[in-house]
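Have a look at the structure below before the remarks.
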Amino acid sequence: MSWTALDALGADRNMVAARINGRLMDLATPIAEADDVEPVLIDSEEGLYILRHSAAHVAAQAVQRLFPEAKLGIGPPITDGFYYEFDVPEPFTPEDLKAIEKEAIAIAKSGQEFRRRVVTEDQAVAELAHEPYKLRLIGSDGGAEVMEVGGVELTVYDNVDRKTGEVCWSDLCRGPHVPNTSYIPPNAIKIMRSSASYWLGDQANESLQRLYGTAWPSKDALKAYLTFLEEAERRDHRRLGTELDLFSFPEDIGSGLAVFHPKGGVVRRVMEDYSRTRHEEAGYEFVNSPHITKSQLFEKSGHLDWYAEAMYPPMHLDAVVDAEGQVRRQGADYYLKPMNCPMHNLIFSARGRSYRELPLRMFEFGTVYRYEKSGVVQGLTRARGFTQDDAHIYCTHEQMAGELDSLLTFVLNLLRDYGLEDFYLELSTRNPEKSVGGEDEWNQATQALREAATKQNLELILDEGGAAFYGPKISVQAKDAIGRTWQMSTIQVDFQLPQRFDLEYQGSDGTKQRPVMIHRALFGSIERFFAVLLEHYAGAFPPWLAPVQVIGIPITDDHVDYLEDVAAKLRHRGVRVEVDTSDDRMQKKIRNAQRAKTPYMLIAGDDDVAAGAVSFRYRDGTQNNGVAIDAAIEEIVTAINDRVQV
Ligand SMILES: [Zn+2]
Ligand SMILES: [Zn+2]
């Protein structure tokens, strides 16, 4: 018997594989004394990857047991799970999925050993004669998603029955896998769904059925994941957008282009108003620019060189052609703008600038259009038309560090005001192969960003060489209420555009100087931030953002006038209030208000009228009866002004 990684590391049920001299390998791999061997644990990123990929084998075996005619496609691990593809005559039904799961659980329990076997190409071709798709992979190096080939050797993994030693099932795979199928906890495997796909993702190829599943180190981990998925589904902004009547994507307008309904419009206006106020306080000046422009502008900015694919195609306008077909006047191409920056540069250079004007901070809610591929368009988070809360800051080199520092503080504080609290920062640094600007400039800007980030006492992740060619960047990543990370704000230094637009200011010594340019969008786009907040709050916006802040609920029609008076007083204080005067019974009105996630219900009956009071009912179902009208108004107004989370 040879000495294996398992022998070196000692048996441990939490250990699923080994890292041998830096490579992920099976625990049964023979090793030499000089080899460097480290354990790979089941709950590590790599361990989960191996667990889930091993579960993909188990699922595929289950499918072929139940559907012997199924031909195997590929079966890689993916985020939080795995898939396996099959060529089957009929799509899987929900009953099929249940049966496959049951079979997979039985295979996991049986503890079949994963046994690795090196084969030659000829052997593999002979063994896989009945698997036409696997045959096509032999001789190729696969791709990112192909686990079958691409290792140092061509290998087949046999699933061996531990009692009889019989080979139950085999698959072409580069591995590694867990030692045996019982390492996949049977109560932590789930077949999730299936959908149509194409061989190797190419529409020109055969149509296959892709089976999605997941596997976790324990039953509890699976349960937590399923709860998370349910919660994410419940919070899906597209669903809430319809349920709460906030926005829609009419087909007549086109993919990725939203309309905001009155209630969504209110939330959006409040978000914008608050942002405007804060920007005004922070010394920003407000500018406006058009939605379309002649191509010259984007030639000058360089966008047509490196960004044209993400732009809507041009409109050719103003050409004059006579009856003979002679061109009398050349027209021009107009583009919808994908970015506001070039236009802001034109505002900067509209007249001479002095150092006394710097830093000059230009802000605009600028609507831009990007021709996202239809496959990636997704609700408000990836739209084709959206409004950026865009600002460009022009400053001197000496001012740059201070600007970046105060900017980052401003950005984080504003995000906190909207209710996000958990952040980390990512710093993207220079890729020397592909960058404009001098090394000194880059070092200075990167150092300034790093110092600004370090002061925030937040986790800082380095994205070495990940910056765009025109300058280093900090991005703010925010975690939402269920722990999902969203990229929010970006602060981008730009060494390129000031050059391309020949931006200048007159320095204190009278010489011409080039300003530093900083781009920053805080929300990214209003639409996307709207979606993030909607999902973060699961539709229950805090009072200051809620489209309807208070709803009056009369116990009978006799109490309508009384509540209308209270509502008028609230309205006078700027509160968004409605009185439910519908024919519905009171209980139904309460349910409707709960469904609309209205922060405050004010209920009034005879006792309240007699006492000059109202009864509060809050979103969590708790109630506070007999509150004097003035006190009720103060409670609501204070909560709104303080932007409390309730
Ligand atoms: Zn495999
Ligand atoms: Zn910009």
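Please verify whether the stretch 490-505 includes one or more residues that are of a type in the set (V, I, T) and surrounded by 21 or more Cβ atoms within 10 Å (Cβ to Cβ). Within the stretch 490-505, one or more residues are of a type in the set (V, I, T) and surrounded by 21 or more Cβ atoms within 10 Å (Cβ to Cβ). Scanning the stretch 186-214 for residues that are in contact (Cβ under 8 Å) with a residue 40 or more places away in the chain and touching a Phe, Trp or Tyr at 6+ places or on another chain (Cβ under 7 Å) yields M192, R193, S194, W199, E206, L208, Q209, R210, L211, Y212, G213, T214. Of the residues that make up the stretch 113-120, is at least one away from ligand 1 (no atom under 16 Å from the Cβ), touching a helix residue (DSSP H, G or I) at 6+ places or on another chain (Cβ under 9 Å), assigned to a loop (DSSP other than H, G, I, E, B) and not aromatic (F, W, Y)? The answer is no, given that none of the residues of the stretch 113-120 is away from ligand 1 (no atom under 16 Å from the Cβ), touching a helix residue (DSSP H, G or I) at 6+ places or on another chain (Cβ under 9 Å), assigned to a loop (DSSP other than H, G, I, E, B) and not aromatic (F, W, Y). Under the condition of being surrounded by 15 or more Cβ atoms within 10 Å (Cβ to Cβ) and part of a helix (DSSP H, G or I), the residues counted in the stretch 88-108 number 10. If you take the residues in the stretch 124-135 that are surrounded by 13 or more Cβ atoms within 10 Å (Cβ to Cβ) and without any contact (Cβ under 8 Å) to a residue 24 or more places away in the chain, which one is farthest from ligand 1 (Cβ to nearest atom)? Among them, the one singled out is V125. Among the residues here, G302 does not qualify as under 28 Å from S374 (Cβ atoms) and assigned by TED's automatic domain parsing to the domain that holds F523. Within the stretch 532-579, the set of residues being basic (K, R) and part of a loop (DSSP other than H, G, I, E, B) comprises R573, R576.
May I ask you to list the residues in the stretch 1-30 that are over 40 Å from the mean Cα position of the chain (by Cα) and in a strand (DSSP E or B)? Answer for the stretch 1-30, where residues must be over 40 Å from the mean Cα position of the chain (by Cα) and in a strand (DSSP E or B): T4, P30. Taking the stretch 40-60 as the range and being more than 14 Å from ligand 1 (Cβ to nearest atom) and either assigned to a strand (DSSP E or B) or among the hydrophobic types (A, V, I, L, M, F, W, C) (or both) as the test, the residues that pass are V40, L41, I42, L48. The single residue among G175, G241 that is within 30 Å of Q123 (Cβ to Cβ), of a type in the set (G, A, S) and buried (at least 18 other Cβ atoms within 10 Å of the Cβ) turns out to be G175.
Scanning the stretch 390-419 for residues that are charged (D, E, K, R) and within 30 Å of Y505 (Cα to Cα), we see that the one that is surrounded by the most Cβ atoms within 10 Å (Cβ to Cβ) is D390. Looking across the stretch 268-287, just one residue is of a type in the set (V, I, T) and in contact with a helix residue (DSSP H, G or I) (Cβ under 7 Å, 6 or more places away or on another chain), and that is V287. For beta carbons closer than 9 Å, sequence separation of 6+ or different chains, a first residue in the stretch 146-162 that is free of Cβ contacts under 8 Å to residues at least 12 places away in the same chain and a second that is near ligand 1 (Cβ under 10 Å from one of its atoms), the qualifying pairs are V152/R174. Once the stretch 442-487 is narrowed to residues that are under 22 Å from G402 (Cα atoms) and basic (K, R), the residue that is surrounded by the fewest Cβ atoms within 10 Å (Cβ to Cβ) is K455. Of all residues in the stretch 153-167, those satisfying the criterion of being within 15 Å of ligand 1 (Cβ to nearest atom) and surrounded by fewer than 17 Cβ atoms within 10 Å (Cβ to Cβ) are E153, D158. Does the stretch 219-230 contain at least one residue that is surrounded by 14 or more Cβ atoms within 10 Å (Cβ to Cβ) and among the β-branched types (V, I, T)? Looking through the stretch 219-230, none of the residues is surrounded by 14 or more Cβ atoms within 10 Å (Cβ to Cβ) and among the β-branched types (V, I, T).
Any residue at all in the stretch 186-201 that's within 21 Å of I100 (Cα to Cα), in a loop (DSSP other than H, G, I, E, B) and touching a Leu at 6+ places or on another chain (Cβ under 6 Å)?
The answer is no; no qualifying residue exists.
Of the residues making up the stretch 390-427, those that are in contact with a strand residue (DSSP E or B) (Cβ under 7 Å, 6 or more places away or on another chain) and assigned to a helix (DSSP H, G or I) are H397, M400, E403, L404, L407, L408, V411, L412, L415. Within the stretch 284-318, restricting attention to residues that are away from ligand 2 (no atom under 14 Å from the Cβ) and among the polar types (S, T, N, Q), the residue that is surrounded by the fewest Cβ atoms within 10 Å (Cβ to Cβ) is N288. Only a single item in (1) outside any helix (DSSP H, G or I); (2) at pLDDT below 95 is not met by D245, and it is number (2). Screening the candidates G621, G574 for the property of being surrounded by fewer than 13 Cβ atoms within 10 Å (Cβ to Cβ) and over 22 Å from L246 (Cβ atoms) yields one hit, G621. Among the residues of the stretch 68-87, those that are touching an Asp or Glu at 6+ places or on another chain (Cβ under 8 Å) and part of a loop (DSSP other than H, G, I, E, B) comprise A70, G73, I74, G75, P76.
The values are calculated or read from the model by the stated rules, or taken from the named source; none is laboratory data. Worth saying up front: this structure is predicted, and the values here are computed from it rather than measured. When we count neighbours, we look across all protein chains shown, and the Cβ atoms used for this are built from the backbone with ideal geometry, even at glycine.
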